[in-house]
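The values are calculated or read from the model by the stated rules, or taken from the named source; none is laboratory data. None of the values given here were measured: they were computed from a predicted structure. Here Cβ is always computed from backbone atoms with ideal geometry, including for glycine, and neighbour counts include all displayed protein chains. When the accessible area is computed, the model is the full protein with side chains, heavy atoms only, and any ligands, DNA or RNA have been set aside. Shrake-Rupley method; radii C 1.70, N 1.55, O 1.52, S 1.80 Å.
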Amino acid sequence: MPLEKPSVALGRDTQGTISAEIRAIEADAARRVQQGGPPELHPRRDYPPYRSSLLRHPTHELVRVDPEEVERVSPAFGHTDVNVLESDLTIQHVGEPLGERMTVSGRVLDGEGRPVRHQLVELWQANAGGRYVHKRDQHPAPLDPNFTGVGRVITGDNGEYKFTTIKPGAYPWKNHVNAWRPAHIHFSLFGNAFTQRLITQMYFPGDPLFALDPIYQSIADPAARARLVGTYDHDLSVSEWSLGYRWDIVLTGSKATWMEGEDAHD
Amino acid sequence: MTDLLPTETRATEPATGTPATGTFVQTPSQTVGPFYGYALPYDKGPELVPGHHPHAIRLHGTVTDGAGEPVIDALLEIWQADGEGNLSRELGSLDRDGFTFTGFGRAAATMAGQYTFTTVKPGPVAGHAPYALVTVFARGLTHHLFTRVYFEADAAQLETDAVLALVPADRRDTLISVQDGPSSYRFDIRLQGEGETVFLDFDA
């Protein structure tokens, strides 16, 4: 099938417009911190530079409640849910996928630094050309017949996970004209309590697209968003085989994890 | 053009927080995006019990945005007790054997923004009004949303439920499913605007 010309971007705004909005919000957040407010450690739900948030963020304050037992425990996952081979995204097809082979490893911890053991970590990503195996991904980059981009693993006794994959490419999207997402890997995590549920993205160090991306920048505090960036770790690299990145993930804190020790699968 | 130049090319900071203070700082959330469809949904994900289970119910609804348009790329998860109010510790949520109740389900919205779970009506846990915890993910949500689905048949328990009591009376209905068939319950989710669903923030 011949490549089609990229369809006209839905968003008509320029990068200059989006970038100006991003900087205005960051300046506002920095001013609040200077006045004694807490840094914004999480993305804003209403973040206009990310246009898809406009009609989807709740307009009412969330109702703050104490978690009950349903929220204080989490589904149990284990060997019946995930095959050990699912953590290697490079062996799911007959041939080798194209791209820079790498391992991504780290620990999943709670707010007190305790390992989150035996919980599910799911990962999905674009291929080396920046294309997802998804019917609605219109980016005219080639699909790789040897790469699906999905992995799963159960964290080990000290909260560790490890994936073998290839580095995803940056790709265009339609938030505004000439919008590009920095290379990233989506992560889905469960903790020991359902309140620890987290879906996030890992990015790669030194990406020139960080400052331009309204999803990454939706976290107004620079130090907080930097926590989404993995660290190149030469000790994790395998000679003549792959490059290594380390990325630790911290879920919510102590109140949510009071069940530790009562977990039947510890 | 200089104002477009990236400013964040510095070396990365440690991923974990500041152990000096005894706390680790939470990793920020990011949107699930639109392209999870080949990764997160799985075979029988929405079937906590098979459809022929004697107590099977259909829990379904539509997810809509602030313009009333269906959210076609929403992903929902539920986590609930079984019919007797017991929380499962069983494995096998991703690889259903058709018999084990694990309490967890995951459903992607259809092109009409609709979702359907096959489950059982949860029983009361510790004397509270029965509910299923619902988690909503979608493109445009920088952070997932939690809500609860209660059941209108449990009227007496709903009257005294501590969480419902925190919700303004005129919004309480957004947390209560409507029985629309002998074994069918409808729970629509409005992310924004008129009839906006009450979303919960757990003190965690």
- Task: Count neighbours as other Cβ atoms within 10 Å of each site's Cβ, and list the chymotrypsin sites (Phe, Trp or Tyr not before Pro) in segment B:25-122 that are DSSP loop with at most 12 such neighbours.
- Result: B:99
- Query: Spin-label point model (7 Å from Cα, Cβ direction): what's the residue A:12 to residue A:96 distance in nm?
  - Reply: 4.9 nm
- Note on the structure: Residue-normalised 222 nm signal for chain B, counting each DSSP H run of n ≥ 4 as -39,500 (n - 2.57), nearest 500 deg cm²/dmol, is -1000 deg cm²/dmol
- Task: Calculate for chain A the 222 nm mean residue ellipticity that helices alone would give, adding -39,500 (n - 2.57) per DSSP H run of length 4 or more and normalising by residue count, nearest 500 deg cm²/dmol.
- Result: -3000 deg cm²/dmol
- Structure shown: which of A:167/B:44; A:174/B:44; A:135/A:174 lie over 28 Å apart, alpha-carbon to alpha-carbon? A:167/B:44; A:174/B:44
- At the level of C-alpha centres, the distance separating segment A:141-185 and segment B:32-79, in angstrom, is 23 Å
- Item | With at most 14 other Cβ atoms within 10 Å, longest stretch of chain A clear of loop GluC sites (Glu not before Pro) (DSSP) | A:113-239
- Could you work out the relative contact order of segment A:67-250, using alpha carbon pairs under 8 angstrom and six or more residues apart, expressed as a whole percent? 27 percent
- Query: Once the other residues with Cβ under 10 Å from the Cβ of residue A:54 are scored (Lys, Arg +1; Asp, Glu -1), what is the net sum?
  - Reply: 0
- Query: Highest GNM mean-square fluctuation, chain A, Cα pairs closer than 10 Å: which of A:82, A:116, A:153?
  - Reply: A:82
- Task: Starting from the Cα gyration tensor of the protein assembly as shown, take the square roots of the eigenvalues, sort them a ≥ b ≥ c, and report rounded, prolate or oblate (rounded when a/c is under 1.5, otherwise prolate if a/b is larger than b/c, else oblate).
- Result: rounded
- Within segment B:77-184, DSSP-loop GluC sites (Glu not before Pro) with at most 13 other C-beta atoms within 10 Å are B:84
- Longest chain A segment clear of trypsin sites (Lys or Arg not before Pro) sitting in DSSP loops (not H, G, I, E or B) with at most 11 other Cβ atoms within 10 Å runs A:137-266
- Mind checking which aspartates and glutamates have their C-alpha under 15 Å from residue B:121, skipping anything on the same chain fewer than 8 residues away? B:47, B:82, B:84, B:152, B:154, B:180
- Which net charge results when you count Lys and Arg as +1 and Asp and Glu as -1 among the other residues whose beta-carbon is under 9 Å from that of residue A:115? 0
- Query: Residues of segment A:45-81 with amide nitrogen under 20 Å from the 7 Å Cα-to-Cβ point of residue A:28?
  - Reply: A:45-62
- Subtracting the Cα-Cα distance from 0.36 nm times the residue separation, let me have the gained length for residue B:42 to residue B:203 in nm, one decimal. 54.9 nm
- Taking only the C-alpha atoms, wrap a convex hull around segment B:56-190 and report its volume per residue in Å³ as a whole number. 129 Å³
- What ranking of B:100, A:252 comes out by heavy-atom accessible area, probe 1.4 Å, highest first? B:100, A:252
